[in-house]
Amino acid sequence: MARRLKNGITEGAAAEADAQVRSTVEAILADVRARGDKAVRDWSAKFDGWTPESFRLDQAAITSAYAALSAETINDIRFAQEQVRKFAQIQRDSLRDVEVETLPGVVLGHKNLPVNSVGCYVPGGKYPLVASAHMSVVTAKVAGVNRVVSVAPPFEGRPNPAIVVAMHMAGANEIYCVGGVQAVAAMALGTETIAPVDMIVGPGNAYVAEAKRQLFGQVGIDLLAGPTETLVIADDSVDGELCAADLLGQAEHGPNSPAILLTNSEKLARDTMAEVERQLKKLPTAPIASRAWADYGQVIVADSYEEMVAIADEIASEHVQVMTKDPEYFLANMSNYGALFLGPRTNVSYGDKVIGTNHTLPTRKNARFTGGLWVGKFIKTCTYQRILTDEASVMIGEYCSRLCAIEGFAGHKEQADIRVRRYAKEEAT
């Protein structure tokens, strides 16, 4: 029977926070829908103190961003994008168009078609999340998306050079320095200066995730990727120092980022809790990470691997770091997670920044029904059919006519019957 040594905030407190987010997002979306660019500018001024002459960056601004970076930084961005592009291309190559004759004269198929336009949100107000440009823009371009719009908020009062360079190197067609709900609304709804897109992708804070949720249906979305979550599954093959580092490495994302330790060793659990407190004393991002740990951190002690799997699948965490004697057991048996990081040699930070898998992943238990962003999210698998012979049309038509009669669809039935009459007659002659 699992024991909880530390709990996070109550479900009621979390629900109250969610309600406040929903109402704020509703107001901003309605305003952008009604007032377009003026609303975007007003909200940008309120939240970011940012009202440039144009939110879109021209070539001079992009060139200036390159000039602000060292050759090493540019090379590091290039290396990371090469890894993301390589794995995305492998994924794209796994998607095959098909066409097959399923019955004599009956041909069915599907084509994998990229969406026409995508808006990529890159978080950057608190931390300049350069990697999010790789994950969204590069992957969309590998999928074949023709128009990719990329946005990020200002960082310390200006466009962040590293984000701008990453967007440009990744292949974004339009780059805007604007963030928050107002940026998502502008891309989804369109304004006088920003043409609407067909799909919005990318991670963000609770407000950005809620904006995507409310806009879904008017545009497509990748998934609801809100505040970062991490689950560390560990046994006594590792120590508390390593577990604490992996918990705090994700807790620093924001004050509402859950960080959970799940173990079958009470000693490791208590060692990790002590290590968290020790590391917080020297961590530069401790003001944020300590709040996340205090309000959303959990420590759970289970009795067995089997119980750990059951609890992990119930949590359905975005990131799952597995550091046990047999990490392959969790790969074989877990079903609800955004991404797995197997063994102590790898970690969530590798996945977040450089290794090549995508870091836009499902949060808030969405891993129960979706995986993370990948090249297939930008692809529509669209079916088609053709019938080659009169005989095949008559044969299918006779079945269809009787099935339509069962359902009472007279018009559907006539679509079949007219072809049975016409092609059976032609066949007879």
Computed over region 308-427, the relative contact order (Cα-Cα under 8 Å, seq sep at least six) in percent reads 20
Separation of region 73-136 and region 214-237 by C-alpha centroid, Å?
18
Ranked by GNM mean-square fluctuation in the chain (Cα springs under 10 Å), the top entry among Met199, Met167, Met273 is Met273
Excluding Val299 itself, what net charge comes from residues whose Cβ is under 10 Å from its Cβ, given Lys and Arg +1 and Asp and Glu -1?
+3
With viscosity set to 1.002 mPa s and temperature to 20 °C, compute the Stokes-Einstein D of region 120-243, Rh being the Kirkwood radius across alpha carbon pairs; µm²/s, no decimals.
141
Net charge near Gln89: determine it from the other residues with C-beta under 11 Å of the C-beta of Gln89, scoring Lys and Arg +1 and Asp and Glu -1.
+2
Inter-centroid distance (Cα atoms) of region 1-63 relative to region 262-281, Å
34
Quick check: the distance between the Cα centres of region 176-198 and region 363-395, to the nearest angstrom?
29
Relative contact order (percent, whole number), region 260-321, Cα cutoff 8 Å, 6+ residue spacing:
54
Given Cβ point charges of +1 (Lys, Arg) and -1 (Asp, Glu) and nothing else, what value in debye, to the nearest 20, does the dipole of region 1-149 about its Cα centre take?
240
Counting only protein heavy atoms, what percent of the accessible surface of the chain is carbon or sulfur at a 1.4 Å probe?
53
Ordered by residue, what ³J(HN,Hα) values in Hz, to whole numbers, does region 337-350 give under the Karplus form 6.51 cos²θ - 1.76 cosθ + 1.60, where θ = phi - 60° and Gly and Pro are x?
6, x, 8, 9, 10, 9, x, x, 6, 10, 6, 5, 4, 4
Would you kindly derive the ³J(HN,Hα) couplings of region 137-150 from the backbone phi angles with the Karplus curve 6.51 cos²θ - 1.76 cosθ + 1.60 (θ = phi - 60°), listing them in order in whole Hz, with x for Gly and Pro?
5, 4, 5, 4, 5, 4, 5, x, 5, 6, 10, 10, 9, 10
Given Cβ charges of +1 for Lys and Arg and -1 for Asp and Glu, the option among Gly351, Pro362, Thr324 whose Cα lies farthest towards the positive end of the dipole of region 301-366 is Gly351
For region 270-429, size of Cβ-based charge dipole, Lys and Arg +1, Asp and Glu -1, in debye:
680
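Per residue, how much accessible area does the chain have with a 1.4 Å probe, in Å²?
Working: 20270 Å² over 429 residues.
Roughly 47 Å² per residue, with all protein chains present.
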Would you mind checking region 172-205 for residues with the amide N under 12 Å from a putative spin-label position 7 Å along Cα→C-beta of Lys38?
none
Per-residue ³J(HN,Hα) for region 374-386, Karplus 6.51 cos²θ - 1.76 cosθ + 1.60, θ = phi - 60°, Hz, x for Gly and Pro
8, 4, x, 5, 8, 10, 9, 8, 10, 8, 8, 8, 8
Let me spell out the model: positive unit charges on the Cβ of Lys and Arg, negative unit charges on the Cβ of Asp and Glu, origin at the Cα centre of the chain. What dipole size does that give, in debye rounded to 20?
860
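On alpha-carbon atoms, Rg over Rh for region 208-318 using Kirkwood Rh? The partial results should precede the final answer.
Details: Rg = 15.7 Å, Rh = 14.9 Å.
Rg/Rh: 1.06.
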Using the charge dipole of region 30-82 (Lys, Arg: +1 at Cβ; Asp, Glu: -1 at Cβ; taken about the Cα centre), state which of Ala34, Ser70, Gln59 has its Cα farthest towards the positive end.
Ala34
Compactness of the chain, expressed as Rg and Dmax over alpha-carbon positions, Å:
25.7, 91
Quote to one decimal, in nm, the extra length available between Ile311 and Ala274 on full extension: 0.36 nm per residue of separation minus the C-alpha distance between them.
11.0 nm
Can you give the net charge of the other residues whose Cβ lies under 15 Å from the Cβ of Met1, counting K and R as +1 and D and E as -1?
-3
Give the relative contact order (percent, whole number) for the chain; include only Cα pairs under 8 Å separated by 6+ residues.
19
Ordering of 204-212, 109-117, 157-165 by packing [mean C-beta count within 10 Å, highest first]:
204-212, 157-165, 109-117
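The values are calculated or read from the model by the stated rules, or taken from the named source; none is laboratory data. None of these values were measured; they are calculated from a predicted model. Cβ sites come from the backbone with ideal geometry, for glycine too, and all protein chains shown count toward neighbours. Just so you know, the surface numbers come from the protein's heavy atoms only, side chains and all, with ligands and any DNA or RNA stripped out. Shrake-Rupley method; radii C 1.70, N 1.55, O 1.52, S 1.80 Å.
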